[in-house]
Amino acid sequence: MQLKKRFFAVAVACAVTAVPALAASKTLIYCSEGSPAGFDPARYTAGTDFDASAETVFNRLVEFERGSTQVRPGLAEKWETSTDNLTWTFFLRKGVKFHTTEYFKPTRTFNADDVVFTFQRFINKDLPFNKAAPTEFPYASDMEMDTNIASIEKKDDSTVVFKLKKVDAAFVQNLAMSFASIHSAEYADKLLKEGKANQLNTQPIGTGPFIFKSYQKDASIRYDGNKEYWKKGDVLLDKLIFAITTDASVRTQKLQKGECHLMPFPRPADIAGMKADPKLAVMSQAGFNLGYLAYNVKHKPMDQLEVRQALDLAINKKAIIDAVYQGAGQAATNPMPPTQWSYNKTLKDAGFNPEKAKELLKKAGHANGFEITLWAMPVQRPYNPNAKLMAELIQADWAKIGVKAKITTYEWGEYLKRAKAGEPDSVLVGWTGDNGDPDNWLGVNLGCSAVGGGNNYAQWCNKEFDDLIVKARTLTNQQERTRLYEKAQVVFKREVPWTTIAHSTTNVPMRKEVQGFKVSPFGLYSFYGVSIK
Amino acid sequence: MTTPVQSANTAVAPEMAAASYSYPSPLAEFWASFRANRGASAALVFMAFMVIAALFAPWLAPHDPIEQHRDILLLSPAWTAQGQWSFLLGTDELGRDILSRLMHGARVSMTIGLVSVVLSLLPGIVLGLVSAFYPKAVGTAIMRAMDIMMALPSLLLAVAIVAVLGPGLTNTMIAIAVVSLPSYVRLTRASAMSELGRDYVIAARLAGAGKLRLMFNTVLPNCMAPVIVQATLGFSSAILDAAALGFLGLGAQPPLPEWGTMLASARDYIESAWWVVTMPGITILFNVVALNLMGDGLRDALDPKLKKLA
């Protein structure tokens, strides 16, 4: 009897240690699309990096409501602004705990020092930590965080004051973006003392819903649910695993076989099959993105309005949406998606009219057509699932009005660099919104300051347009801003620096067991509030 | 290589013909032994078929290879339920007729094969002969250079060359020619070296033949058999290399139909439309197998030792 009891105890112990993954039924496996470059969100710009750190380990002062572009309180409970909109005061949440891990045991809760440290990194190049771990903060500089913040001060343990140099209407939205994730100043000090400052990028400590456990490049990232998370009811999983699977077909097969619960970026061609699978659900949402073709207005003959109009009229968008997006897209009219506030609903697309295009070309003095380069992206992006295919369609369309297009492509980094420098005649690119502010569309992609090296691939600097958006940026009244942005879109549509092609639908296939997932308009994948049945 | 067949130009043949023995003509003898090889004959028939398809593609192909039938994207082949007989092998992701693209693609692939073989064959032979006739400084230099080229993985070298010259069909052919150069040089040099010590070469030399005459009139014709075989095999590997470069986006540029490029753009549809990837894949496979079988047949027919065994 004695022996039997002991045997039983051993057997139970074995079972418990051997199958923790099965015993803990609340494990979600996410087949992610690539390895993150690191876990310090401030250093990166890609969704892959943000999903693995900002959306799991970290919180921000303010955060985007899950599945929407609305901002809600995060680590700051509330905030107020001065009458001139240059001073912003944030009142911080009390009692928020940083993660306790094998490599760090926090002695205090979250306070103003952490916020000051996080933003000092962007604006103060001489910060000892920055010297120990030199890096760039690309997103912070794109959002002008580094130049526009005059100072950031700790008023008391739970109050922080930002002073800005000029009014930025989207300031609070920007703080909700992944790059502004709040680090622990205590952890940073510890690393600095130990001379391991770069460990901030490999072993992250945050306040977020999931605690980082381990990372194997090209294989997996493991997280534990944060049992002490400040927001009750947001952590419904015991474990979260990212199974890194770069090939879209393999991801699809893994999902069908039940090796993972959820996957990003399915191939458009595979969606119909997944919708028919009784074990899977496909969640769709109109994408907060835009795929477009920019005409380089500094190159001849695209400097002529008639030529741009003709090229625009000659493109059959419906055929592109059928073939490239396989129906998972809607034709775009404006340089922003319809879900963005200030979208001008009165504007109409020029449509598909090759006859009129030919006439316009004749009028512009190019009756026999001309040759231009058409750049096609080498990668699949949410806004353009197959740029090469799209380029071939456009090439065939243009051939009908006598324009010979030569399709060119480069490796992705090189492609962006050369395109920003203004090398192509026409270039296929796109944009996914970052913060839900119209300036993030019109200013970043079409403003004069983005010409030559910035995101203004059309190299298009129109005074009338630029005046409108620069003025709108300094206002805080949403109605006034809307009026200005609507006017700016009219100018855009009249001058045709781009052919706006499509807003793609974001499809997220998942197992039926997954509950409560919401598709992020920004293309991020977050698992707080998600559970497994 | 010193069969009477090969040295027919040494004026022995007329005397033979005058005698009562009737020897088959060299060509007939070659043809007979080639025909005896069933695989090679079948391959020859297939290749003849492909050459006709390529040469007359503009008239034989049912559709324009770059015309996009946008209302029938990804139409399955004719024998399947949804198929249409006017699109025998179905259509691709842009509604282009796959059969027509394959036929026009054959022209591209054959041109690549032919041009790149010629481009590497001619300099290869010259360099090989030179290094055999001047084995000291010049020969060593040439052979070491070839060794260096062979030390690099051929596809990698081709990619590097195309990257420098820029993507496109002409540069693809140049790249393939450069990559396959060493094998011709080595082959020519090896057989020329073994011929150089033979009596007939010494005789020609004693009769006062100059270096050039020795090289191209005396030695070269007797080295041709292995080189011809290598050229046939090189033809098939050129098609494969071009397909590989096309697959990497470095070869033929759209909308030109090329087999490798077709294969690459079809990858996205492996799960949903099998024919888009299968058709060009099978075409490349059959062509390469046929060319290799032909190469084997040629070798057997041209090599006197193997011929006796057959």
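The values are calculated or read from the model by the stated rules, or taken from the named source; none is laboratory data. Predicted, not measured: the structure shown is a model, and the values here were computed from it. Counting neighbours? That spans all protein chains shown, and the Cβs are built from the backbone with ideal geometry, glycine included. Accessible surface is based on the protein model in full, side chains and every heavy atom, while ligands, DNA and RNA are left aside. Shrake-Rupley method; radii C 1.70, N 1.55, O 1.52, S 1.80 Å.
Rundown of residues vs (1) basic (K, R); (2) under 23 Å from A:I271 (Cβ atoms); (3) modelled with pLDDT of 95 or more, yes/no style:
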site: A:S504; (1), (2), (3): no, yes, no
site: A:N507; (1), (2), (3): no, yes, no
site: A:K518; (1), (2), (3): yes, yes, no
site: A:P521; (1), (2), (3): no, yes, no
site: A:Y525; (1), (2), (3): no, yes, no
site: A:G529; (1), (2), (3): no, no, no
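Does any residue of the stretch A:330-337 turn out to be crowded, with 19+ Cβ neighbours inside 10 Å and within 14 Å of chain B (Cβ to nearest Cβ)?
No, the stretch A:330-337 contains no residue that is crowded, with 19+ Cβ neighbours inside 10 Å and within 14 Å of chain B (Cβ to nearest Cβ).
When you check B:R70 against the structure, is it basic (K, R), surrounded by fewer than 24 Cβ atoms within 10 Å (Cβ to Cβ), in contact (Cβ under 8 Å) with a residue 12 or more places away in the chain and within 14 Å of chain A (Cβ to nearest Cβ), yes or no?
When the stated conditions are applied, B:R70 passes them.
When you go through (1) aliphatic (A, V, I, L, M); (2) surrounded by fewer than 21 Cβ atoms within 10 Å (Cβ to Cβ); (3) part of a loop (DSSP other than H, G, I, E, B) one by one for A:V250, which number turns out not to apply?
Only one criterion in (1) aliphatic (A, V, I, L, M); (2) surrounded by fewer than 21 Cβ atoms within 10 Å (Cβ to Cβ); (3) part of a loop (DSSP other than H, G, I, E, B) is unmet by A:V250, namely (3).
Just need a number here: residues in the stretch A:45-67 that are open to solvent by 10 Å² or more (accessible area, probe 1.4 Å) and under 15 Å from A:K217 (Cβ atoms).
2
Which numbered condition in (1) surrounded by fewer than 19 Cβ atoms within 10 Å (Cβ to Cβ); (2) assigned to a loop (DSSP other than H, G, I, E, B) is the only one that B:V118 fails?
(2)
Which residues, counting only those in the stretch A:381-406, are within 12 Å of another protein chain (Cβ to nearest Cβ), buried (at least 20 other Cβ atoms within 10 Å of the Cβ) and under 25 Å from A:E306 (Cβ atoms)?
A:M390, A:A391, A:L393, A:I394, A:Q395, A:A396, A:D397, A:W398, A:A405
For the stretch B:73-91, name all the residues that are at pLDDT 90 or above and within 14 Å of another protein chain (Cβ to nearest Cβ).
Listed by number, the list holds a single entry, B:T91.
Within the stretch B:255-308, restricting attention to residues that are of a type in the set (S, T, N, Q) and without any contact (Cβ under 8 Å) to a residue 40 or more places away in the chain, which residue is farthest from the other protein chains (Cβ to nearest Cβ)?
The selected residue is B:T278.
Being hydroxyl-bearing (S, T, Y), in a loop (DSSP other than H, G, I, E, B) and either under 30 Å from A:K257 (Cβ atoms) or touching a Cys at 6+ places or on another chain (Cβ under 8 Å) (or both) narrows it down to one residue among A:T56, A:T69; which is it?
Every option except A:T56 fails the conditions.
Could you pull out the residue among A:N296, A:N316 that is within 26 Å of the chain's Cα centre (by Cα) and either in contact (Cβ under 8 Å) with a residue 60 or more places away in the chain or away from chain B (no Cβ under 14 Å) (or both)?
A:N296
Pick from B:G246, B:G260, B:G234, B:G281: which is under 27 Å from B:M47 (Cβ atoms), in a helix (DSSP H, G or I), open to solvent by less than 20 Å² (accessible area, probe 1.4 Å) and modelled with pLDDT of 85 or more?
Checking each option against the conditions leaves just B:G234.
Sort through A:P438, A:P378 and tell me the only one that's closer than 24 Å to A:Y139 by Cα and within 12 Å of chain B (Cβ to nearest Cβ).
Every option except A:P378 fails the conditions.
Could you give me the residue pairs with C-beta distances under 7 Å whose first residue belongs to the stretch A:257-281 and is within 15 Å of A:Q326 (Cβ to Cβ) and within 14 Å of chain B (Cβ to nearest Cβ), whose second residue is outside any loop (DSSP other than H, G, I, E, B) and among the charged types (D, E, K, R) wherever it lies, and which are 6+ apart or on separate chains?
A:R267/B:D268; A:A269/B:D268
Which numbered condition trips up A:P264, out of (1) modelled with pLDDT of 90 or more; (2) outside any loop (DSSP other than H, G, I, E, B)?
(2)
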